[in-house]
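Working notes, structure below.
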Amino acid sequence: MEAEERRVWAIRGAITVDSDSVEAVDSAVKEMLDAIYMENGIVEDNVVFTLFSQTEDIKSRNAAAAARKNGYSTHTPLFCVQEASVENMLPLTIRVLIEIEKKMDGKPVMVYLKGAKALRPDIRR
């Protein structure tokens, strides 16, 4: 039997939160990861690592902690950093970069939700 041809992929996504609260961050991270996993047919065994960033106005919860709380990446590395503060940046935004290894037909689907759709108007879901 031929070995399955697997490849490393990087998948991006972002979402905005309505407010800086633990509940809002937990809910947004879950919504974003649910969509990314579904759109790309990801299972936990595919994930190599997940890197989050969040804008400096989100202080109530680390996005990586929200992912773990929601059952994501229970056995893979997670990391969260603060976005560089840039003039006129989109506020209350969480971004993610997920490196996966799997066989995929076509290209991965990037997922931008809520106000974060403005970050990548070229990507339509």
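Among the residues of the stretch 28-50, which ones are more than 18 Å from residue 17 (Cα to Cα), open to solvent by less than 70 Å² (accessible area, probe 1.4 Å) and not in a loop (DSSP other than H, G, I, E, B)?
Across the stretch 28-50, the qualifying residues are 37, 40, 44, 46, 47, 48, 49, 50.
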If we ask which residues in the stretch 56-83 are of a type in the set (Gly, Ala, Ser), without any contact (Cβ under 8 Å) to a residue 40 or more places away in the chain and out of contact with any strand residue (DSSP E or B) (no Cβ under 9 Å at 6 or more places or on another chain), their number turns out to be 1
When the stretch 1-27 is checked residue by residue, the ones that are free of Cβ contacts under 8 Å to residues at least 40 places away in the same chain, under 19 Å from residue 112 (Cα atoms) and either open to solvent by 60 Å² or more (accessible area, probe 1.4 Å) or of a type in the set (Ser, Thr, Tyr) (or both) are 27
Given (1) modelled with pLDDT under 95; (2) open to solvent by less than 40 Å² (accessible area, probe 1.4 Å), residue 120 misses just (2)
For the stretch 83-101, the count of residues that are within 22 Å of residue 24 (Cβ to Cβ), outside any loop (DSSP other than H, G, I, E, B) and either more than 14 Å from the chain's Cα centre (by Cα) or of a type in the set (Val, Ile, Thr) (or both) equals 4
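Determine which member of the set 72, 112 is within 19 Å of residue 24 (Cα to Cα), touching an Asp or Glu at 6+ places or on another chain (Cβ under 8 Å) and hydroxyl-bearing (Ser, Thr, Tyr). Quick ask: steps written out before the conclusion?
Working: 112 fails: touching an Asp or Glu at 6+ places or on another chain (Cβ under 8 Å).
Among 72, 112, only 72 is within 19 Å of residue 24 (Cα to Cα), touching an Asp or Glu at 6+ places or on another chain (Cβ under 8 Å) and hydroxyl-bearing (Ser, Thr, Tyr).
Pull up the stretch 102-117, narrow it to residues that are in contact with a Gly (Cβ under 7 Å, 6 or more places away or on another chain) and either assigned to a strand (DSSP E or B) or of a type in the set (S, T, N, Q) (or both), then point me to the one that is least open to solvent (accessible area, probe 1.4 Å). Explain how you work it out, then say what you get.
Initial filter on the stretch 102-117 (in contact with a Gly (Cβ under 7 Å, 6 or more places away or on another chain)): 110-112.
Adding the requirement that they be either assigned to a strand (DSSP E or B) or of a type in the set (S, T, N, Q) (or both) leaves 111-112.
Numbers: 111: 0, 112: 21 Å².
Only one residue fits best here, namely 111.
Could you list all residues from the stretch 63-76 that are of a type outside the set (Phe, Trp, Tyr) and either in a loop (DSSP other than H, G, I, E, B) or over 21 Å from residue 18 (Cβ atoms) (or both)? If you could, list the steps in order and put the result at the bottom.
Within the stretch 63-76, the first condition is being of a type outside the set (Phe, Trp, Tyr), and the residues that meet it are 63-71, 73-76.
Result: 68, 70, 71, 73, 74, 75, 76.
Out of all the residues in the stretch 55-62, is one or more open to solvent by 50 Å² or more (accessible area, probe 1.4 Å), over 30 Å from residue 5 (Cα atoms) and part of a helix (DSSP H, G or I)? Break it down into steps so the answer makes sense when it comes.
Filtering the stretch 55-62 for residues open to solvent by 50 Å² or more (accessible area, probe 1.4 Å) gives 56-57, 59, 61-62.
Then drop every residue that is not over 30 Å from residue 5 (Cα atoms), which leaves 56-57, 59, 61-62.
When the remaining residues are screened for being part of a helix (DSSP H, G or I), the result is none.
No, the conditions are met nowhere in the stretch 55-62.
The values are calculated or read from the model by the stated rules, or taken from the named source; none is laboratory data. Being a predicted model, the structure only gives us computed values, none of them experimental. Because the Cβ atoms are built from the backbone with ideal geometry, glycine has one as well, and the counts that use them run over all protein chains shown. Keep in mind that these areas ignore ligands, DNA and RNA; they rest on the heavy atoms of the full protein, side chains included. Shrake-Rupley method; radii C 1.70, N 1.55, O 1.52, S 1.80 Å.
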